[in-house]
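Note sheet for the following structure.
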Amino acid sequence: MLEILNLNVIIQLLINGILFGTMYGIAAIGLSLIFGTMRIIFLAQGSMIILFAYVCYWLFELLGLDPYISLILIVLISLWLGAGIYRALFKGAVAQEDKNISLLIAIGLMFLLENLMTVFWTANPRSISTSYTSYVFRPMGIGIPFNRLMGFIMAVLSTTGVVLFLKKTFIGIAVRAAAEDMEAATLLGINPHRVNGTAFAIGTGLAGIAGVELATIYPFDPFFGFIFVLKAMIALAIGGIGSVFGALLGGIILGLLESLASFFIGGGWSDAVSYAVFLLILMLRPEGLLVRSVKKA
Amino acid sequence: MLEIQGLDVFYDDVQAVWDVSLHVDEGSIVALVGANGAGKSTLLKTISGITPAERGAILFSGKSLTNLPPQDIVDMGISHVPEGRRLFSNLTVLENLKLGSYTPRARRTIEQSLGRAYDLFPVLRNRRNQKAGSLSGGEQQMLAIARAMMSRPRILMLDEPSLGLSPILVRTMFELIMNLNSQNVTILLVEQNIHQALKIADRAYVLKNGKITMTGGGEELLSDPEVQKAYIGARWSRQ
């Protein structure tokens with residue numbers, strides 16, 4: 001094993017890990033935003049990602065749409081769908097002020113999506129292969145797969161977009177305020193349903209982007225979503241909840257961990273290592289690995 | 001301007017406000033005083049639409065606002081500075097102020113409102129890009145009031161504005177309240193610092209266990225032996 005342990009292999013592992021980890025990262029940003037205003041883990045986030053991966057798959061198979069063109073369509077659909085899901089499923093539960101109801105709705109939605117997707121697309125893994133899917137850049141002998149590079153660019157762009165939205169728009173500032181103190185925000189005339197709906201729309205929009213990224217990189221099946229949302233939670237545990245770039249970085253670190261673990265320990269170990277890291281972080285630094293220690297107020 | 005009739009409010013199945021009726025005249029300072037847990041904060045939250053009213057009516061300039069959503073109530077011209085300031089400490093001073101002008105009516109005049117807030121509290125202009133959490137206690141209270149003024153309220157409800165401030169800052173705070181009042185802002189003030197509150201109030205209500213037990217002019221209640229005995233104590237009455 002030692003003779004293959006040269007610099008190129010290590011760099012290759014790191015690049016694969018970083019590129020794949022961005023997908024966890026944008027899923028984690030979505031979770032973090034929804035958690036911020038609603039204080040629930042939106043467990044159906046992973047299934048939403050798979051749903052959009054299937055939408056991308058269908059647009060490709062049935063209409064011949066290139067995944068990077070259907071991305072625009074899918075982002076629009078997913079933003080709209082996110083706002084719709086909030087209105088239809090969560091608005092009434094939020095008014096009841098019982099977080100458990102919202103959490104149960106999220107779990108129910110996850111199972112519903114899993115089963116609907118099984119009916120529509122069967123449980124067989126699907127993937128999209130275009131003429132350029134397997135194209136690999138080779139700068140300095142290091143292989144960079146085109147589809148993973150595109151995924152990385154999409155993730156960085158969408159993360160930057162979300163940060164700008166939260167900093168520069170009135171409703172974005174309101175979402176951040178509501179994440180800190182919903183009642184104080186309400187007293188200023190901020191409608192809780194508006195900020196929740198916005199957080200949901202963006203979270204689901206990010207699921208749309210992650211779905212396209214997934215469809216172009218990796219085979220997926222309807223039940224992959226639950227694992228995905230777990231991975232996003234691990235990314236959040238690493239990056240800390242409430243920071244957008246932290247969540248992206250958490251996803252990248254998780255991707256790196258998995259990439260290194262599957263090479264050095266063995267393919268089956270990558271999940272076990274990531275869950276072990278999850279538990280360790282929760283035990284030792286529950287506020288998040290990368291977060292500066294919470295001020296004692 | 002603000003009129004409450006026969007208000008009953010429940011807080012988690014416990015009745016916190018019992019058959020409360022009161023009125024606040026335009027341009028006046030009205031104080032709500034009483035011990036901890038008397039229902040003062042609940043009353044303010046009910047006016048703001050955060051806590052629902054079980055029975056009774058709340059009228060503002062003749063229009064009913066009973067159980068309207070909070071954003072409509074803010075838009076009508078009622079602003080509430082909650083107890084403990086409740087700033088968004090990870091947001092900058094400027095972001096906190098801007099959110100004060102969130103309602104459609106206030107947003108149209110946001111630039112003027114900002115200018116007015118900075119004139120009133122020049123320190124906030126210098127610190128506008130600092131996080132609100134990095135301000136001192138006194139500056140945070142200024143920011144909380146400035147933020148509430150950003151909605152261009154006709155009536156400002158202040159819940160324990162002097163809480164946690166040093167004696168010098170408490171005096172500044174009460175001077176500020178009188179200053180705002182002289183600029184045509186009606187004030188509804190909840191205070192545990194009863195002596196100071198009654199000194200500046202045109203009228204006051206004493207709340208006990210969710211019921212109004214006494215009402216009258218501020219100075220009048222201040223010299224009332226019963227009020228002195230129950231709420232102020234000999235130490236304070238000598239001042």
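Overview of values
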item	result
DSSP beta bridge pairing in chain B, given as percent antiparallel to the nearest 5	55 percent
For region B:35-191, accessible area per residue (1.4 Å probe, heavy atoms of protein chains only), Å²	40 Å²
Partners for residue A:231 among aspartates and glutamates (Cα-Cα distance below 12 Å; same-chain residues under 8 apart left out)	A:258, A:271
Residues with amide H under 5 Å from that of residue A:285, placed H, sequence gap 5 or more	none
Length-normalised contact order of region A:3-105 in % [C-alpha pairs under 8 Å, at least 6 apart]	22 percent
Residue B:28 long-range amide H proximity, modeled H, under 5 Å	B:187
Helical mean residue ellipticity (222 nm; -39500 (n - 2.57) per DSSP H run of 4+; nearest 500) of the protein assembly as shown	-18500 deg cm²/dmol
Residue-by-residue Karplus 3J(HN,Hα) for region A:82-98, coefficients 6.51, -1.76, 1.60, Hz, glycine and proline x	x, 4, x, 4, 4, 4, 6, 9, 9, 4, x, 5, 5, 5, 6, 6, 10
Carbon and sulfur %, accessible surface of region A:213-291 computed with the full protein complex present, 1.4 Å	76 percent
Prolate/oblate/rounded label for region A:236-285 (Cα gyration tensor, a/c 1.5)	oblate
15 Å beta-carbon shell around residue A:215, net charge (K/R +1, D/E -1)	-2
Mean separation of Cα contacts under 8 Å, 6 or more apart, over the residue count of region A:166-259: relative contact order %	14 percent
Magnitude of the charge dipole, chain A, Cβ model with Lys/Arg +1 and Asp/Glu -1, debye to 20	680 debye
Longest segment of chain A lacking GluC sites (Glu not before Pro) that sit in a DSSP loop with at most 16 other Cβ atoms within 10 Å	A:98-286
Pairwise burial A:B, computed as accessible area of each alone minus the pair, summed, 1.4 Å, Å²	2100 Å²
For region A:36-131: accessible area per residue (Å², 1.4 Å)	51 Å²
Region B:100-161: trypsin sites (Lys or Arg not before Pro) in DSSP loop, at most 14 other beta carbons within 10 Å	B:108
Heavy atoms of residue B:42: accessible area, 1.4 Å probe, square angstrom to 10	20 Å²
In order through region A:159-174: 3J(HN,Hα) via Karplus (6.51 cos²θ - 1.76 cosθ + 1.60), integer Hz, x for Gly, Pro	5, 4, x, 5, 4, 4, 4, 6, 9, 9, 9, 4, 5, x, 4, 5
Only Lys, Arg (+1) and Asp, Glu (-1) charged, at Cβ; region B:62-169 dipole about Cα centre in debye	360 debye
Antiparallel DSSP beta bridges within the protein assembly as shown, as percent of all bridges there, nearest 5	60 percent
Solvent exposure ordering (accessible area, 1.4 Å, most first) of B:110, A:11, B:58	A:11, B:110, B:58
Within the accessible area of region A:1-122 (1.4 Å probe), percent carbon and sulfur	72 percent
Shape of region B:72-133, Cα gyration tensor, a/c cut at 1.5	oblate
Phi-based couplings in Hz for region B:170-177 (Karplus 6.51, -1.76, 1.60; Gly and Pro marked x)	4, 5, 4, 4, 5, 5, 4, 4
Percent accessible area from carbon and sulfur atoms, region B:110-239, protein chains only, probe 1.4 Å	49 percent
Cβ-Cβ FRET estimate between residue A:169 and residue B:184, R0 fixed at 35 Å, reported to 0.05	0.60
Cα-derived Rg over Rh, computed across the protein assembly as shown with Rh taken as Kirkwood radius	1.08
Net +/- balance of residues flanking residue A:180 in space, Cβ distance below 13 Å, scoring K and R +1, D and E -1	+2
Mean separation of Cα contacts under 8 Å (6+ apart) over length of chain B, as relative contact order %	26 percent
Signed unit charges on C-beta, dipole axis of region A:4-132, positive-most listed residue A:100, A:11, A:29	A:100
Inter-site label distance for residue A:107 and residue A:9 at 7 Å from Cα along Cβ, in nm	4.4 nm
Net charge of Cβ neighbours under 15 Å - reference residue A:146; Lys, Arg +1; Asp, Glu -1	0
Cα gyration tensor, region A:186-297 - rounded (a/c under 1.5), prolate or oblate	oblate
Cut-off under 5 Å, modelled amide H: who pairs with residue B:157 long-range	B:79, B:80, B:81, B:188
Cβ neighbours within 10 Å from other chains - mean over A:176-186	6
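The values are calculated or read from the model by the stated rules, or taken from the named source; none is laboratory data. As the structure is a prediction and not an experimental result, all values here were calculated from the model. Heads up, the Cβs are rebuilt from the backbone with ideal geometry, glycines too, and the neighbour counts pull from every protein chain shown. These accessible areas exclude ligands, DNA and RNA; they are computed on the full protein's heavy atoms, side chains included. Shrake-Rupley method; radii C 1.70, N 1.55, O 1.52, S 1.80 Å.
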